[in-house]
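Below: one structure, written as structure tokens.
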Amino acid sequence: MKRSDQRRDAVFALYQHEVTGRPLGELLDGAKPFSRELVEAVEANRPELDELISKHSKGWALSRIAPLERSIMETALYEALHSDDVPVEVAIDEAVELAKEYCGTDAPGFVNGILGAALAERGAVD
């Protein structure tokens, strides 16, 4: 299974957890190690990630952002800021592609804009 597929599985587990309240352990049953590791890391760093998203989503309260888009951005931000083996550009590109495939028509630009601003603030992109 490709890493991008495992990343997608992690995003959907985070999304389902938020929307349904099902335990992450249940949602990750049978998940590949990378998906499980990513979900646990995003959960552990959620306050930092959500603060960045909130700060750069001008005019949008965090609660107004669709849960799937938020899960995509949390995952991308975690990888870009905390994973040495994932280039920032890859984290952003994967997030935008997930938004294109699974979210509304405005989501890819919204996701790209927030990630770009948040990562520029952190010095991760130019």
Worksheet item: Using a Förster distance of 30 Å, how high is the FRET efficiency between Phe34 and Thr105, based on the Cβ-Cβ distance and rounded to 0.05?
Response: 0.50
Discussion item. Among Thr105, Thr75, Thr20, which one shows the highest mean-square fluctuation when the chain is modelled as a Gaussian network with alpha-carbon springs under 10 Å?
Written reply: Thr20
Fill in: Selection from Ala44, Leu27, Ile65, by position along the positive dipole direction of the chain (Cβ)
Ile65
Worksheet entry | trypsin sites (Lys or Arg not before Pro), loop per DSSP, at most 10 other Cβ atoms within 10 Å - longest free stretch of the chain | 59-126
Worksheet item: In whole Å, what is the distance between the alpha-carbon centres of the stretch 51-126 and the stretch 1-41?
Response: 17
Worksheet entry | Nitroxide proxy distance, nm - points 7 Å out along Cα→Cβ at Ala66 and Val125 | 2.0
Item to complete: For percent of Cα pairs over 22 Å apart, several values are listed as (i) 27; (ii) 54; (iii) 31; flag the one computed from this structure.
Response: (i)
Discussion item. At 1.4 Å probe size, with the rest of the protein present, what percent of the exposed accessible area of the chain is carbon and sulfur atoms?
Written reply: 48
Discussion item. Past 29 Å, Cα to Cα: identify those pairs from Lys2/Lys58; Lys32/Lys55; Lys55/Lys100, in the order given.
Written reply: Lys2/Lys58; Lys32/Lys55
Worksheet entry | Computed helical MRE - 222 nm, the chain, DSSP H runs ≥ 4 contributing -39500 (n - 2.57), nearest 500 | -24000 deg cm²/dmol
Worksheet entry | Dipole in debye (nearest 20) - the chain, about Cα centre, beta carbon charges: Lys, Arg +1; Asp, Glu -1 | 300
Worksheet, complete the sentence: Across Val86, Val42, Val111, the residue with the highest GNM fluctuation in the chain (Cα network, 10 Å cutoff) is Val86
Discussion item. Can you tell me which of Leu38, Leu49, Leu28 moves the most in a GNM of the chain? Springs connect C-alpha atoms under 10 Å apart.
Written reply: Leu28
Fill in: Stretchable slack from Glu48 to Asp5, in nm (0.36 nm times residue separation minus alpha-carbon distance)
13.0 nm
Response to the item:
Cβ-Cβ cut-off under 13 Å around Asp85, Lys and Arg +1, Asp and Glu -1: the net charge is -1
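The values are calculated or read from the model by the stated rules, or taken from the named source; none is laboratory data. The structure presented is a predicted model; accordingly, all values stated were derived computationally and were not measured. No Cβ is skipped: glycine too gets one built from the backbone with ideal geometry, and neighbour counts run over all protein chains shown. Remember, those area values only see protein heavy atoms, side chains included, never the ligands or the DNA or RNA. Shrake-Rupley method; radii C 1.70, N 1.55, O 1.52, S 1.80 Å.
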